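Inspection log for the structure reproduced underneath, given as structure tokens.
What follows is calculated from the coordinates using simple rules that are stated; it is not laboratory data. Not measured: the values here are computed from a predicted model. Positions of Cβ are backbone-derived with ideal geometry, glycine not excepted, and every protein chain shown enters the neighbour counts.
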Amino acid sequence: MNINSQKLSSARFAQATDAFVEIFTASVDFDKRMANQDIQGSLAHAKMLCKVGVLTDSERDLIIRGLTQIQSEIEHGEFEWSIQQEDVHMNIEARLTHLIGIAGKKLHTGRSRNDQVATDIRLYLRDEIAAIGDELKRLQLAILNLAEQHTDTIMPGFTHLQVAQPIVFGHHLMAWFEMLNRDADRLRDCAKRLNVSPLGAAALAGTSYPIDRHFSAELLGFSYPSANSLDSVSDRDFAIEFTATASILMMHLSRFSEELILWASAQFNFIDIPDAFCTGSSIMPQKKNPDVPELVRGKSGRVTGHLVALLMLMKSQPLAYNKDNQEDKEPLFDTVDTLLNCLRAYADMVPHLVAKKENMYRAAKQGFATATDLADYLVRKGVAFRDAHEIVGLAVRLGVETKRDLSELTLAELQTFSPLIGEEVFEVLSLEGSVAARSHIGGTAPETVRIAIRTACERLEVQLPHFHISGEELRLNLYQPQISTACQHLAE
Ligand code: ARG
């Protein structure tokens, strides 16, 4: 056993801590990241203690001055963090006492590191969620801008990664927008639920001092004090919720990435990812690899790993606080960093993606993308859908055999499958006709996509510099009243 003589907190111990145990149990290396929040929490606690008469005005003022100095020392990299002081809380408190003497020793009255750390993480995560929300919005805005340029850009839509039906690129982009918008909602929801003050729960049972929990909660911008002291110090639901939200968001980014990677390949050749976001190969001079999307796709696994780690950390823990909980920070911090970095890379990259319109169009022409349109056409002529499906199947077979798209078959050939087919069928079989026909809410018609973009701008409270939608265009869409109801609902 390697004994270290500088024991931290207690007269209770006859023996000093083993030197390795000291290192093993310390968290300061990572929890010093919450120094600012720890100071904010302490300031609020000191002000509250003074308000209820536990500290004098001059003690409070000394504490405020001391903590302010410590904050500046930390900001300027002058603060000496020490492993012997175990964590961020003890480091700051020890320094405070060193600076202001006996008043520093009074700061911990009516509180424990258990409610202190629970407060710090909530404050920390609240700040980070706001930063993540900003980056997410930047990415959403980039997607809207790109979508606006491509409301008429026809491409194949896929199911089973097989050409299914034509869509416009803007519609595909808006699908990504919707995914991210749900993530933004989830983040806001998570921020709402975490915004509760554990301060005053102390170690687990509350404290015998006449504390005013509403006051400290209010000072810290929390909505209200938590309802149960045991739950307050042991609850890490908010960290799990955040990491779950982050995992879903990263899963979305991984899907986004996967499509960009496929589309940038020579085989698809739908988009160009600018050089600034790609790297070369050390051996193959011709290579331009989509590193950013690949790395983001890879990092999604890591964030889901953190979610599972946090769930396992909390599983079966008895009430109230256990040292296990110290293990919540690294997965949480890494989730925050990973998410911020991935969103930043994407928000920077998306505005520079270049759509190769001709290639997209050509690809949509292959694969009988308008077969459903022909079936729908026959239905409008009175054929039952299942029969129409059969008829079109036969027409597609002829197309496959003769290597032609449906629109390239002659009218006479088409009429051999159904005499109901007339000249106007070619309008239906065109890619433009196919997308234009889907003008209901949520459909891929260019005019509908433009309305979807406008609605999205309203939801985000942003404006696109060149985007204009005419009153006439709005009136064209029968479903507009429902869109605005959906909007109102979102705004609430
Ligand atoms: N470093 C600890 C943590 O992160 C702070 C709380 C310690 N409380 C205790 N009773 N040991 O959870």
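Where the alpha-carbon atoms of region 175-266 are placed on the principal axes, they occupy 71, 21, 14 Å, in descending order. Normalised by 2.2 N^0.38 Å, where N is the number of residues, the alpha-carbon radius of gyration of region 248-295 equals 1.18. Would you calculate, for the chain, the mean residue ellipticity at 222 nm contributed by helices, counting each DSSP H stretch of 4 or more residues as -39,500 (n - 2.57) and dividing by all residues, to the nearest 500? Mean residue ellipticity at 222 nm (helix-derived): -19500 deg cm²/dmol. Summing Cβ point charges (Lys, Arg +1; Asp, Glu -1) relative to the Cα centre of the chain gives a dipole of roughly 600 debye.
So if we plug the beta-carbon distance of residue 460 and residue 379 into 1/(1 + (r/R0)^6) with R0 = 35 Å, what FRET efficiency do we get, rounded to 0.05? Don't skip to the end; give the middle numbers.
Values: r = 38 Å, r/R0 = 1.10.
Rounded to the nearest 0.05, the efficiency is 0.35.
Between helix 329-349 and the chain, what is the angle of the helix's C-alpha long axis to the longest principal axis, kept within 0 to 90° and rounded to the nearest 10? Once rounded, the angle reads 40 degrees.
The residues 370, 119, when put in order of fewest to most other Cβ atoms within 10 Å, stand as 370, 119. Classification of the chain by its C-alpha gyration tensor yields a prolate form. The axis ratio a/c (a ≥ b ≥ c) is 1.5 or more, and a/b outweighs b/c. Principal-axis analysis of the Cα atoms of the chain puts helix 291-314 at an angle of about 50° to the longest axis.
Computed about the Cα centre, the dipole magnitude for region 146-241 is approximately 160 debye when only Lys and Arg (+1) and Asp and Glu (-1) carry charge, each at its Cβ. Along region 31-47 the Karplus relation, 6.51 cos²θ - 1.76 cosθ + 1.60 evaluated at θ = phi - 60°, assigns HN-Hα couplings of 7, 5, 4, 9, 4, 4, 5, 4, 5, 4, x, 5, 4, 5, 5, 5, 5 Hz to successive residues, with x for each Gly and Pro.
Compared with the dominant principal axis of the Cα atoms in the chain, helix 480-491 is inclined by about 10°. Only one residue of 422, 203, 467 has its Cα farthest out toward the positive end of the dipole of the chain, where Lys and Arg carry +1 and Asp and Glu -1 on Cβ, and that residue is 203.
Spin-label model, residue 269/residue 188: points 7 Å from Cα along the beta carbon direction are separated by 4.4 nm. Which translational diffusion coefficient, to the nearest whole µm²/s, is obtained for region 30-188 from the Stokes-Einstein equation, given a Kirkwood hydrodynamic radius over C-alpha pairs, 10 °C and 1.306 mPa s? Once the numbers are plugged in, D ends up at 82 µm²/s. Each listed q (0.19, 0.22, 0.29 Å⁻¹) maps to a log10 I(q)/I(0) for region 152-219 from the Debye sum over equal C-alpha point scatterers, namely -0.87, -0.95, -1.18.
In terms of other Cβ atoms within 10 Å, 63, 261 run from fewest to most in the order 261, 63.
Altogether, the Stokes-Einstein calculation at 4 °C and 1.567 mPa s, with the Kirkwood radius of region 325-437 over Cα pairs as Rh, returns a diffusion coefficient of 74 µm²/s. Using Cβ point charges alone (K and R +1, D and E -1), the dipole size of region 1-155 about the Cα centre works out to roughly 740 debye.
Taking only the Cα atoms of region 1-94, the radius of gyration and Dmax are 15.5, 48 Å. Residue pairs exceeding 24 angstrom between C-alpha atoms, taken from 106/315; 51/106; 47/323: 106/315; 47/323.
Listed by chain and number, the lysines whose C-alpha is less than 27 Å from the C-alpha of residue 356, apart from same-chain residues fewer than 8 away, are 137, 287, 288, 365, 403.
At a Förster distance of 45 Å, what's the computed FRET efficiency of residue 276 paired with residue 386, Cβ-Cβ distance as r, to 0.05?
Values: r = 52 Å, r/R0 = 1.16.
With R0 = 45 Å, the Cβ-Cβ based efficiency is 0.30.
For region 243-358, the pair-distance distribution built from all alpha carbon pairs, in bins 10 Å wide starting at 0, is 13, 36, 25, 15, 8, 3, 0 percent. When region 121-173 is described by a simple charge dipole with +1 on each Lys and Arg Cβ and -1 on each Asp and Glu Cβ, the residue from 131, 144, 159 located farthest towards its positive end is 131.
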